[in-house]
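Input: a single structure, listed below in structure tokens.
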Amino acid sequence: MARRQQDIEIFGETVAAGSQRTFNIPIGQLYTHTDIHIPVQVVNGKTSGPVLMICAAIHGDELNGIEVVRRVLKAPWLKNLRGTLIAVPMVNVLGIIHRSRYLPDRRDLNRCFPGSEKGSLGGRIANLFVEEILNKCQYAIDLHTGAINRSNMPQIRVHLENEEAAELAKAFGVPLVIDAPIRDGSLRGAGDDLGIPIITYEAGEALRFDEAAIRVGVKGVRNVMTQLNMLPPRRTKRPQPPSFIAKSSSWVRAPADGLFRCKLQLGDRVSRGEVLGIIDGPLGGSEIPVVSPFAGIVIGNTNLPLVNEGEALLHLGRFEDIDDVETVVDEFRQEFDGV
Ligand SMILES: [Zn+2]
């Protein structure tokens with residue numbers, strides 16, 4: 001029998017069991033004297049359970065996650081919540097104002113964790129975020145997208161050595177999982193130090209809403225919450241697709257400057273030596289093939305045909321069981337085709 005949830009004390013206020021509240025965590029003022037805060041929604045369930053945080057836009061131009069958080073907060077299934085959901089749709093508020101990945105001092109907030117009270121602007125925001133928000137959670141999902149002009153196939157990045165995080169990664173329910181060791185200064189790193197498993201969802205492109213990426217994200221959050229017993233088990237019609245772990249991944253780079261013509265899509269399988277696209281000048285006549293250095297699956301790509309030599313064109317993941325990955329990725333793509 002599930003235990004009744006307690007009222008929780010958070011940010012100096014009480015959130016009663018079965019209710020939700022909005023908090024504005026102050027991070028200072030702009031030089032225009034405008035107060036700046038991080039908006040946070042705390043949803044406290046009627047029954048007891050874990051505390052999960054979902055956060056988005058640590059990179060201020062990565063918007064899909066903001067919409068994922070908004071849809072989760074209005075989802076009808078959230079009424080059955082057990083435990084507490086802390087939703088932070090816009091972490092890097094200053095970056096979002098400028099439609100930029102970075103902070104106004106050009107630092108990357110996701111390289112500033114855990115930060116310090118007396119550090120740089122990013123270090124101070126990171127420190128505040130850890131102290132005020134991350135510290136109150138047991139698990140977290142960090143939502144990201146590709147960079148400007150680059151798309152990512154929906155995928156989870158996780159440090160698989162962290163077994164609890166690896167379980168969450170599998171539960172999210174996307175076919176592609178990339179083992180990504182902890183990066184210095186990242187939110188995942190701060191979580192690791194505090195014993196809070198964090199997974200990163202990457203999907204779509206910066207500065208855009210990608211409907212498929214958003215739907216997969218909402219479904220993934222729901223799957224993780226079900227796995228954590230924060231939602232009742234679902235009687236799903238369709239079994240969840242298995243997840244495959246990339247052995248490694250690397251970008252194929254432009255062998256020349258020019259206009260890149262690529263026929264491949266995210267999720268396509270390529271073989272070693274296959275021509276992935278052609279780079280040519282505006283007047284034609286050079287037709288330089290871009291050749292795949294190994295067999296893999298396209299997990300990220302550039303959407304911009306203007307390329308300089310050395311620029312990243314296609315991100316390929318290496319997989320042990322590539323036949324199975326291809327089949328599952330094809331089914332997954334069909335499910336979200338045309339949304
Ligand atoms: Zn990002």
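None of the figures in this text is laboratory data; all of them are computed from the coordinates on show. Quick caveat, the model's predicted, so the values are computed rather than measured. All Cβ positions, even for glycine, are placed from backbone atoms using ideal geometry, and neighbour counts span all protein chains on display.
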- Message: Could you check the spin-label model distance between D193 and L207? Points 7 Å from the Cα along Cα→Cβ, value in nm.
- Response: 3.3 nm
- For helix 211-227, report the angle its Cα long axis makes with the longest principal axis of the Cα atoms of the chain; keep it between 0 and 90° and round to the nearest 10°. 50 degrees
- Give the long-range amide H neighbours of V51: residues separated by 5 or more places, or on another chain, with amide H under 5 Å away, using H modelled in the peptide plane at 1.01 Å from N. T84, Q138, Y139
- Under 9 Å from the Cβ of I178, count the other residues' Cβ atoms, weight Lys and Arg +1, Asp and Glu -1, and hand me the total. -1
- Note on the structure: For the chain, the charge dipole (Cβ of Lys, Arg +1; Cβ of Asp, Glu -1; about the Cα centre) points to a positive end, and the Cα of F260, G195, T302 closest to that extreme belongs to G195
- Output the relative contact order of the chain, whole-number percent, from Cα pairs under 8 angstrom with separation of 6+ residues. 14 percent
- Query: Highest GNM mean-square fluctuation, the chain, Cα pairs closer than 10 Å: which of A246, A295, A75?
  - Reply: A75
- Rounded to the nearest 10 degrees, the helix 64-74 long axis (Cα) sits at an angle to the longest Cα principal axis of the chain of 40 degrees
- For F319, F11, what ranking results if the residue with the fewest other Cβ atoms within 10 Å of its Cβ goes first? F11, F319
- Does the stretch 1-94 come out rounded, prolate or oblate, given a ≥ b ≥ c as the square roots of the eigenvalues of its C-alpha gyration tensor, rounded meaning a/c under 1.5 and, failing that, prolate meaning a/b above b/c? oblate
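Rounded, prolate or oblate for the stretch 65-156? Axes are the square roots of the Cα gyration tensor eigenvalues, ordered a ≥ b ≥ c, and the cut-off for rounded is a/c under 1.5. Don't skip to the end; give the middle numbers.
Details: a/c = 2.22, a/b = 1.28, b/c = 1.73.
Taking the square roots of the gyration eigenvalues as a ≥ b ≥ c, the stretch 65-156 is oblate.
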- Of the listed pairs K79/K136; K136/K247; K74/K118, those with alpha carbons more than 28 Å apart are K136/K247; K74/K118
- Query: Across the stretch 144-155, in residue order, what do the Karplus-derived ³J(HN,Hα) couplings come to in whole Hz, using 6.51 cos²θ - 1.76 cosθ + 1.60 with θ = phi - 60° and x for Gly and Pro?
  - Reply: 10, 10, x, 6, 4, 6, 9, 10, 10, 4, x, 7
- Whose amide H sits under 5 Å from the amide H of L176, counting only residues 5 or more places off or on another chain, with H placed in the peptide plane? I156, F244
- Query: Can you put L134, L283, L306, L85 in order, fewest other beta carbons within 10 Å first?
  - Reply: L283, L306, L134, L85
- Query: Which shape class, rounded, prolate or oblate, goes with the chain when its Cα gyration tensor gives a ≥ b ≥ c as root eigenvalues, a/c under 1.5 marks rounded, and past that a/b bigger than b/c marks prolate?
  - Reply: oblate
- Task: Step through the residues of the stretch 246-259 one at a time and calculate ³J(HN,Hα) from phi using the Karplus curve (6.51 cos²θ - 1.76 cosθ + 1.60, θ = phi - 60°), rounding each to whole Hz and writing x for Gly and Pro.
- Result: 5, 5, 6, 8, 8, 8, 8, 9, 5, x, 7, 8, x, 9
- Query: Residues with amide H under 5 Å of L207's amide H, sequence separation 5 or more or different chain, H placed in the peptide plane at 1.01 Å from N; which?
  - Reply: E62, L63
- Relative contact order, percent, the stretch 207-339 [alpha-carbon distance under 8 Å, six or more residues apart]: 27 percent
- Item | ³J(HN,Hα) computed for each position of the stretch 40-50 - Karplus, 6.51 cos²θ - 1.76 cosθ + 1.60, integer Hz, glycine/proline x | 9, 10, 10, 10, 9, x, 7, 10, 6, x, x
- Note, E117: beta-carbon cut-off 14 Å, +1 each Lys/Arg, -1 each Asp/Glu, net 0
- Would you mind ranking I156, I245 so that the residue whose beta carbon has the fewest other beta carbons within 10 Å leads the list? I245, I156
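What's the magnitude of the charge dipole for the chain around its Cα centre, counting Lys and Arg as +1 and Asp and Glu as -1 at the beta-carbon? Answer in Debye, nearest 20. Let's see the in-between values first.
Values: 38 positive and 41 negative charges, 253 e Å.
The calculation lands at about 1220 debye.
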